[in-house]
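All remarks here apply to the structure that follows.
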Amino acid sequence: MKKESKVILQYDYIAHKLMSSHIFISPHLDDAVLSCGDYIKHLVNKKEAVKVLTVFTGYPNAEIMTEAAKKFHKLCGLAEDMYKYRCEEDCAAMKYIGCEYKHLNFYECLYRIDKDGRSIYPDFDNIFHFEYELEQENSAVIQEGIMQEIIKFDNVYVPSAIGNHADHLLVNLAVNVIMHKLKGKLFYYLDFPYCMFERCIDQVNDCINKYQKRIMSVTEQELEEKIEAIKKYDSQINMLFENQQSMIEVVKKYAYKFQLLEPAICLLEV
Ligand SMILES: [Zn+2]
């Protein structure tokens, strides 16, 4: 081997060693991109190692489908194979951003049942709280599943559960329990679009005041790429934003909420 190529190989090895690793925990198939898509793209552009871990991607068979779940499927305009379709949307978004990803295949709140087989969240309109008692066993299993995936990463990004969605709360609480075992830094991200809702202003402020605020700048190009990545989650856009144009407006409003001249996201360092 020529001396020059040996030096380059050594340089690559050192660069790889210096590269940080990042894992974004996404409760559902869209949360990480909605909340941090531009920052994820920013890290990918810096050649950092980035992975998105989506927790609730599992799908029960039709016989045990709750009424609440059927209502949700109808709202998304999707039938029984909804999760297959949503996983494909996610694959397209991840491919577009250029990061690694994994689906943990746990059931989201509308599909979760207690030990007696009863639906834990039987009402589609009442999922913005956490059923501590009924969720104990599910929480323990999900906690373990998340733990195995995130333990080795230098930086772990977790939803702060703004909006109190049961699944976001479960992920947030699960990581809080295991955080002392993590080797890397822990950051909370603000759950978008919930963090832009009028009803969530106090919760956002409480969160920001409680932790160390880190404003992470991204480029306009990375913001545009976030918008393109969100468009891949076609089944969710109308439900979350009414239409694509209002999605773009709210995404931009959030990106310029923290500093005037450059788009950014707000992270909270624990
Ligand atoms: Zn979500």
Pull up the cross-link candidates among the aspartates and glutamates for residue 115, meaning alpha carbon to alpha carbon under 15 Å and not fewer than 8 places away within one chain. 131, 133, 135, 137
Relative contact order for region 150-270, counting Cα pairs under 8 Å that sit 6 or more residues apart, in percent: 31 percent
Which Cα, out of 105, 153, 119, lies furthest along the positive dipole direction of region 102-185 (beta carbon charges, K/R +1, D/E -1)? 153
What percent does the relative contact order of the chain come to when contacts are Cα pairs within less than 8 Å and at least six residues apart? 23 percent
From the phi angles alone, apply the Karplus equation (6.51, -1.76, 1.60; θ = phi - 60°) to region 66-73 and give each ³J(HN,Hα) in whole Hz, x where the residue is Gly or Pro. 7, 4, 4, 5, 4, 5, 5, 4
Which order, highest average first, do 145-153, 158-166, 133-141 follow once you tally other Cβ atoms within 10 Å for each residue and take the mean per peptide? 158-166, 145-153, 133-141
Prolate/oblate/rounded call for region 218-262, Cα gyration tensor, a/c under 1.5 rounded: oblate
Kindly state, to the nearest 0.05, the FRET efficiency for residue 249 paired with residue 178, given R0 = 35 Å and r defined as their beta-carbon distance. 0.40
How long are the three semi-axes of the equivalent ellipsoid of region 52-170, in whole Å, if each is the root of 5 times an eigenvalue of the C-alpha gyration tensor, listed from largest down? 24, 20, 13
Cross-link table 71/213; 84/152; 181/252; 74/253; 183/210, entries beyond 27 Å C-alpha to C-alpha: 71/213; 84/152; 181/252; 74/253
Find the percent of Cα-Cα distances in region 18-269 that exceed 34 Å, and round it to a whole number. 11 percent
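Values in this text are rule-based calculations from the coordinates and carry no lab data. Here the structure is a predicted model, which means the values were calculated and not measured. Cβ coordinates were reconstructed from backbone atoms using ideal geometry, including for glycine residues, and neighbour counts include every protein chain displayed.
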